[in-house]
Amino acid sequence: MVIEKLGFLVRFWGLRARHATLGQPLASGEQLELLSLMQLVTSELKVPAPGTRARPDDALPAQLIGQGGMLPVEIVHVSAAALVVTGARSMPSGERVILRTADAVSGVEYTLPCTVAWAHSGRPDAMALVVDGIPARAELAVAGDAGVGKAVASLAAMGRQVRLVG
């Protein structure tokens with residue numbers, strides 16, 4: 001359920017973000033789609049209250065990338081207003097982060113720019129993330145794809161990499 005709802009809302013967040021900017025106006029069909037999606041999610045436009053969350057059976061593993069590094073988290077709740085993730089630690093409220101998750105079954109990867117709306121200490125810690133940009137959806141490469149071979153070949157062509165830190 002979490003992954004299906006996430007896929008649906010990625011389209012909503014993308015259209016909403018593009019509509020809010022003058023750089024990428026929506027075509028008439030996209031405007032109609034956004035209005036239809038808004039009618040479907042009207043009841044979900046309030047950020048969930050801070051607190052711990054029970055882990056659902058379909059929690060989705062993800063990576064939270066922020067200023068100080070990367071945290072493994074699980075997406076436990078998805079709504080049009082925010083995603084709630086849990087993990088061993090949290091990031092501070094107001095921090096800009098990228099949430100990255102993938103579904104091997106459907107072969108899709110999502111990358112969502114977010115802001116931490118609230119963080120709650122507990123076992124595990126919980127955070128509400130508000131999507132504040134245009135999310136990305138990408139198809140995962142499958143072993144044997146021509147694209148995978150090209151990517152590996154281009155990495156090999158780069159030669160030996162020098163480590164710049166530590």
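Every number in this text was worked out from the coordinates using simple rules, so none of it is lab data. Worth saying up front: this structure is predicted, and the values here are computed from it rather than measured. A quick note on method: Cβ atoms are made from the backbone with ideal geometry, for glycine too, and the neighbour counts reach across all protein chains shown.
Tabulated data
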quantity	calculated
Contour excess over end-to-end distance, with Cα ends at residue 139 and residue 52 and 0.36 nm allotted per residue	28.1 nm
Sorted by Cβ density within 10 Å, fewest first, the residues 64, 71	71, 64
Interchain or long-range residues, amide H under 5 Å from residue 141's placed H	none
Candidates per trypsin sites (Lys or Arg not before Pro) in the range 17-123, loop by DSSP, up to 14 other Cβ within 10 Å	46, 89
Paramagnetic label zone (point 7 Å from Cα along Cα-to-C-beta, residue 4; backbone N under 13 Å) in the range 34-62	58
log₁₀ of I(q)/I(0) at q = 0.09 Å⁻¹ - the range 2-157, Debye sum with one point per alpha carbon	-0.33
Label-point separation, residue 67 to residue 81 (7 Å along Cα→Cβ), nm	2.6
Interchain or long-range residues, amide H under 5 Å from residue 102's placed H	110
Hull-based mean projected area of the range 17-65, where the convex hull spans the alpha carbons, in square nanometres	6.1
Residue exposure sequence - 91, 38, 127, 70 - by fewest surrounding Cβ within 10 Å	70, 38, 91, 127
Theoretical FRET efficiency, 1/(1+(r/R0)^6), r = Cβ-Cβ of residue 26 and residue 105, R0 25 Å, to 0.05	0.25
